[in-house]
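Below is one structure, written out as C-alpha cells; the observations come after it.
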Amino acid sequence: MKKRKLNIKRITILVLTLVALMVAIFIILKMTKPAIEPKDPKVISEINGYILKEGASAYFKNVFSELETELSKEEVDEKKYAEIISKLFISDCFTLSNKMNHNDVGGVQFVYEQFQNDYISIARETLYNSIENDIYGNRKQELPTVKNVVIKSFEEDTYEYGETEDKKAYIVVATIEYDKDLDYPEEVSLVIIHSNNKLEIAKMD
C-alpha cells in the first residue's frame, strides 16, 4: 500500500483560509458589538424645578444644599437666591471633568428657556469643543473642576431681551477658582432675570 504524500501547498492554503475566516469573524463581531449607551444620572434632589444629579461635583452639591435651604424659607432673600444661582450655573458650566462628552453641556437648567438652545450651541463650539468622549470611562484627558465661586460685584439694573424688559434684573460678576489651573476663564459676568417665578441666566460674558 502506497503512503500518501502530504500536499504542503494545499495545507498552507487551508491554514491561511482558516486564519482569514477567523479574522473576518472577529472584525464582524467587533463591529456589531452593541454600543454602550450612557445612562442618565440619577436625580438625588429637586426643588422649584432645579435638580441635583449623581455625578455633580462636591462644590455643586454644597451650593445646591444652600439653594434648598433658601427656597424653603417663607420669605426668600432674592439677592441671596440670585447669588446661589450664579454659583450653581458657573460651577456646572465650567466643571468639565464630570461631563461625558462635548454634548454634555452643564448649567442648562439655570438658563432662560428661550436662550437654552443658543447657549448649548455656543458652549459646544467653544468651551466644550475639545472634551474627549468618556463613554467607556477610560478618558485620561485633564479637565477643570470648579472648587469655588466668589461673587465680586452685584447690582440691579434694567435688562431688555426680545420684546421683554426686566427692570429688576441682576448683574453679577464672579471669579472662578479651580482645583488646578488649566487656563480656563477665571472671571465671568452674568445677567439674571425673573421668569416664571424663577431666576434664570439670560446672558454670560
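Laboratory data are not the source of any read-out in this text; all were calculated from the coordinates shown. Just so it is clear, the model here is predicted, and its values are computed rather than measured. FYI the Cβ positions are ideal-geometry reconstructions off the backbone, even for glycines, and counts take in every protein chain you see.
Summary table below
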| quantity | calculated |
| --- | --- |
| Under-5 Å amide H pairs with Val111, H placed in peptide plane, nonlocal only | Ile201 |
| Rg followed by Dmax, in Å, when the range 54-205 is reduced to its Cα trace | 15.6, 48 |
| Percent RCO, i.e. relative contact order, over the range 46-150, from Cα pairs under 8 Å lying at least 6 residues apart | 29 |
| Span from the the range 142-205 Cα centroid across to the the range 54-105 one, whole angstrom | 12 |
| Relative contact order for the range 117-186, counting Cα pairs under 8 Å that sit 6 or more residues apart, in percent | 29 |
| Prolate/oblate/rounded label for the range 109-152 (Cα gyration tensor, a/c 1.5) | oblate |
| Theoretical FRET efficiency, 1/(1+(r/R0)^6), r = Cβ-Cβ of Gln109 and Glu68, R0 22 Å, to 0.05 | 0.90 |
| Simple spin-label estimate for Glu156 and Thr126 in nanometres, 7 Å along Cα-Cβ | 2.9 |
| Separation of the Thr164 and Tyr136 label points, Cα + 7 Å toward Cβ, nm | 4.4 |
